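The values are calculated or read from the model by the stated rules, or taken from the named source; none is laboratory data. In this text the structure is predicted, and so the values were computed from the model without any measurement. Cβ placement follows ideal geometry from the backbone for every residue including glycine, while neighbour counts extend to all protein chains displayed.
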Amino acid sequence: CSAHGGGYLPSYAARSDNSLRVAPDMDTGVKLKRKPTEYLRRMYYDTLVFTSEALRHLAAEVGSNRLVIGTDHPIPWQDKAVDHILKAPGFTNAERRAMLGETAAKLLGIKL
């Protein structure tokens, strides 16, 4: 799981894809079988981003099914760790449930 919403990676995903397309001469010797965005969409990310827009952007880039709640415990930045997910506009109840625990339970093999 990539902490703090994956940092800059989700925001630069399309740039990484484009760089491989427009600058093939910058070969690092590593031949990717997939585009960088495809690898990023296989990872999981915590939801510890600091605005609703950042959470929406993260979900748009990697999929809300790849997000698990992040709290930064023991240093709280919300009154309740779930507030930023519950208050962020544009998510369905199913997406919120997944972020709040269903995805993590699935990853850990915990039956709910």
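For the range 17-53, the set of residues classified as modelled with pLDDT of 85 or more, of a type in the set (Val, Ile, Thr) and either assigned to a loop (DSSP other than H, G, I, E, B) or loosely packed, with under 11 Cβ neighbours inside 10 Å (or both) consists of 47, 49, 51, listed by residue number.
Residues that are in a loop (DSSP other than H, G, I, E, B) and within 14 Å of residue 99 (Cβ to Cβ) within the range 54-77 comprise 63, 69, 70, 71, listed in sequence order.
Residue 80 fulfils the conditions (1) at pLDDT 95 or above; (2) more than 15 Å from residue 10 (Cα to Cα) except for a single criterion, (1).
Across the range 76-92, which residue is surrounded by the fewest Cβ atoms within 10 Å (Cβ to Cβ) among those that are in contact (Cβ under 8 Å) with a residue 24 or more places away in the chain and not charged (D, E, K, R)? In this case the residue turns out to be 89. Residue count for the range 14-50, restricted to those that are out of contact with any Cys (no Cβ under 7 Å at 6 or more places or on another chain), within 24 Å of residue 84 (Cα to Cα) and not β-branched (Val, Ile, Thr): 6. Checked against (1) surrounded by fewer than 16 Cβ atoms within 10 Å (Cβ to Cβ); (2) at pLDDT 95 or above, residue 95 passes all but condition (1). Within this structure, residue 32 fails the test of being closer than 26 Å to residue 91 by Cβ and touching a residue at least 12 places away in the same chain (Cβ under 8 Å).
Would you point out which residue out of 73, 57 is free of Cβ contacts under 8 Å to residues at least 60 places away in the same chain, within 15 Å of residue 8 (Cα to Cα) and either surrounded by fewer than 18 Cβ atoms within 10 Å (Cβ to Cβ) or touching a strand residue (DSSP E or B) at 6+ places or on another chain (Cβ under 6 Å) (or both)?
57
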